[in-house]
Every structure is written in C-alpha cells, then in structure tokens.
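Reading through the structure tokens given below for one structure.
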Amino acid sequence: MKFNSKVIHAGQAPEETSGAVMPPIFQTSTYAQEAPDVNKGYDYARVGNPTRTALEKMIAGLEGADNCACFASGCAAMDAIIKMFRPGDHIIASNDLYGGTYRLFTQVFEPFGIRFTFTDMTSIENVRDAINEETKLFWIETPTNPLLNIVDIKALTDLAKAKKILTVVDNTFASSYLQRPLELGADAVMHSTTKYLGGHSDVIGGAVATSNKEIMDNLLFQVKTTGGVPGPMDSYLTLRGIKTLAVRMERTCENARKIAHHLKNHPKVKNVRYPGFEDHPGHEIAKKQMKDFGGMVSFTLKTDDIESAHTFMKNTKLFTLAESLGGVESLISHPATMTHGSIPAEVRRKAGLNDSLIRLSVGIEDGDDLIEDLEKAFKSV
Ligand SMILES: *Cc1c(COP(=O)(O)O)cnc(C)c1O
C-alpha cells in the first residue's frame, strides 16, 4: 500500500459488533473477563484500550514498524524509552535538541546516573569521537528546532550498528509523511503526535514505533508499570487527525516553499533557514532522506534585535503567536525569548540562534494570504 492510502487504512478494519468505520471511543477502565485467565485481549485500560490499539496499528503502519506504543505526550514517550537504560549507560544526543528533551535528559535522567553527551550530530566525526565503552544509544532529531539543521540518519545508523549501539529518531518535525527512519536503519522512531500527526492543535500525545522486540517489550512494560498512556478520546482525535496527514503535508510543504523563497530576497531579511535551499548545508541529505522539505521556516531580520522580532510578531494576524507546530493553522514564535529563553544569550548566539530569529510553522491556509500577512508585519519593522 502507498503512503497516501496507509494514512486512511493502515491497521484499520471496521469495528466488529457494529461495522463502524471509525473505531468507537471505548470509554472504559476495565473489561469483563470470561474466566480469570480468559479475556478478549484486554483486561485493564492502563495496559490496553481498543481505540488506542487502532491508533498504534496506524502509526506502526505509517512507519513500517511491527509495533507501536502510544503515550500521553511526546515527553512521556521519551521518558519510557530512556527508562530502558541503567546508571552508567551513556547516550549521545544532538546539541540542538527540542528543549523539553534536553530538560528530561539532564534534569530527570542525569541525576539517576545515566550519562549524556550533547554534540553537533551533523558531523559524523563528532559523534564518533563521543562514543565510549558505555555508549548505548544515539538520540537523533532531524530537522532540528529551530535552526533546521539536517542530520544524516543513514550515516549515523551505520556507525551505530558497527558499534552495537541503538538509534532512536525523534521524527516529530518531519512526520512519517516526509521521513521514515526505520527504513534508514533506525531501531525506533518517536513522535510527539501533538504536532503533525494530530495536526489540529487539539490534542497532546506521543508514540514510539519499532520492530525491535526487546525495545517493544521494554515499552510495553513501561506502559503497564508507569502508565503514561493516552485516553481513548485523545487516541481517537489523533487517529482522526492522521487521516488527513498526507494532504495536509502536501499543502504545508508547498506553502513553506513559497514563503521561504519570498523571504530569501526580502530587503528586511538577513538570513533564511530552510532545508529546501540548495545552499543549505544539509540540502543534499534532506533530499536523500526526506520526501519534501517540511513546513518549518526560520529567518532573522536585518535589524537583528529582540525588539524588532517582537514588533514583527505582534503585527501578523494569520500567523498566531504561539509555541508548538504542525497544526493546520500557521504559527509564529520567537525562540530566543520563548522556547529557548533559558539558554544563556552567548551560548544561544554561538549556536546560530540570533536575537531576531523568527520561527514559522506554516499551516494549510492560502499561501498568498500568508505572504500578505507577513508583508504587513514587515511594514512595522
Ligand atoms: C513537542 C515536541 C516534543 C515533546 O512532545 P509533547 O507532546 O509536547 O510532550 C518532543 N520532540 C519534539 C521535536 C517536539 O517538537
């Protein structure tokens, strides 16, 4: 089955008792059993729920995985993955990570004795140099947020396999439509389904898909034991969102391309970050591992200060000032004072995250309207 059909049909069958084409919201905490050891596959809803199962089968199908476990948020999914590891284990991650991932690693797991090295993963040499005897995992995020750097998934999974190291890819920014890490050799793929998969900014969720039995067993143990699972209504909303993933992503990518090119030669813009540009350092890798270049565009203003960026954002109407990304509506944010506000200014600037850097999550509105909206804001700075 091709991807555009998978988003409708992967792992889905009409419900058995009624023929409902969408799975009902099984709002129950427990299930009647025929005998203490005999049930219909479900015994208690922390462990499993048919609406959640439908979502898990869908995401497994999209990623080409044997299995998937869904969680109450992207952070809960990451938490479950890292709990596979033990004190003394070493994990290599990008130095350009989602802020919540960095906080989870350094403030929850480091105090429990798991060790992390954060390095620029666009350089394979850097990653190779960071490996030690205890290295158990590469945590890969690509494209990165908000600088949109591209990490070569295949090159890193090849290196990891040679050293018997596991690889997990946070595929939130690209979505399964654009990028399928398991096909590139990753052991597991993780999503904040809050973003492109859900796609409508109305539900929080997370997922991990894998064909590695040991990883899956560990995840199912976490599902059962720590219980950071999504409710049936959230599972239903996410599944409903996924059905339009392919058409949404097509429009999103098309709009982002239009906007990136419009910004590139704009007299008030200093620099645009978009992996679709031939002069983007990761362009060739992006072309190889992604179907298109995504819906995120970041840019800096010629007057590179926080005030101009704030003024600019106050003057857009279709682009709503908000954190998050991947919904049908366009969002605008200022990483230096929002998502990345806790990073010291010098460290932030050194990484290329300038004072005026503005991040756009391009939605599925009309592309010309979005450009007109940005043009109005340019008049204010
Ligand atoms: C949002 C996000 C997360 C965390 O997911 P939540 O659903 O907000 O818990 C993890 N990684 C990336 C890349 C994200 O954008």
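The values are calculated or read from the model by the stated rules, or taken from the named source; none is laboratory data. Note that this is a predicted model, so its numbers are computed, not measured. Using ideal geometry, Cβ is built from the backbone for each residue, glycine included, and neighbour counts are taken over all protein chains shown. Just so you know, the surface numbers come from the protein's heavy atoms only, side chains and all, with ligands and any DNA or RNA stripped out. Shrake-Rupley method; radii C 1.70, N 1.55, O 1.52, S 1.80 Å.
On the basis of being more than 16 Å from the ligand (Cβ to nearest atom), surrounded by 21 or more Cβ atoms within 10 Å (Cβ to Cβ) and assigned to a helix (DSSP H, G or I), does L220 make the cut? Here the answer is no, as L220 does not meet what is asked. Would you check if G74 is within 16 Å of the ligand (Cβ to nearest atom), crowded, with 18+ Cβ neighbours inside 10 Å and in contact (Cβ under 8 Å) with a residue 40 or more places away in the chain? For G74, the condition - within 16 Å of the ligand (Cβ to nearest atom), crowded, with 18+ Cβ neighbours inside 10 Å and in contact (Cβ under 8 Å) with a residue 40 or more places away in the chain - is met. The listed residues are V108, V127, and the only one of them that is assigned by TED's automatic domain parsing to the domain that holds K161 and open to solvent by 30 Å² or more (accessible area, probe 1.4 Å) turns out to be V108. For the stretch 77-105, which positions are open to solvent by less than 20 Å² (accessible area, probe 1.4 Å), within 13 Å of the ligand (Cβ to nearest atom) and farther than 19 Å from S342 by Cβ? A77, A80, I81, I82, listed by residue number. Considered as a group, the residues in the stretch 315-335 that are part of a loop (DSSP other than H, G, I, E, B) and among the polar types (S, T, N, Q) include one that is farthest from the chain's Cα centre (by Cα), and that residue is N315. For the stretch 111-124, which residues satisfy the criterion of being touching a Ser or Thr at 6+ places or on another chain (Cβ under 9 Å) and either of a type in the set (D, E) or surrounded by fewer than 15 Cβ atoms within 10 Å (Cβ to Cβ) (or both)? Residue satisfying the conditions is D120 alone. Within the stretch 39-65, being surrounded by 21 or more Cβ atoms within 10 Å (Cβ to Cβ) and of a type in the set (S, T, N, Q) holds for N49, T51. Number of residues in the stretch 190-202 that are open to solvent by 10 Å² or more (accessible area, probe 1.4 Å) and within 10 Å of the ligand (Cβ to nearest atom): the value is 3.
Scanning the stretch 139-148 for residues that are at pLDDT 95 or above and surrounded by fewer than 24 Cβ atoms within 10 Å (Cβ to Cβ) returns W139, E141. Just one of the listed residues (D187, D170, D152) is charged (D, E, K, R) and within 16 Å of the ligand (Cβ to nearest atom), and it is D170.
Scan the stretch 7-25 residue by residue and report those that are within 17 Å of E56 (Cα to Cα), open to solvent by less than 60 Å² (accessible area, probe 1.4 Å) and without any contact (Cβ under 8 Å) to a residue 40 or more places away in the chain. Result: E15, P24.
Count of the stretch 336-369 residues, restricted to those that are assigned to a helix (DSSP H, G or I) and open to solvent by 40 Å² or more (accessible area, probe 1.4 Å), is 6.
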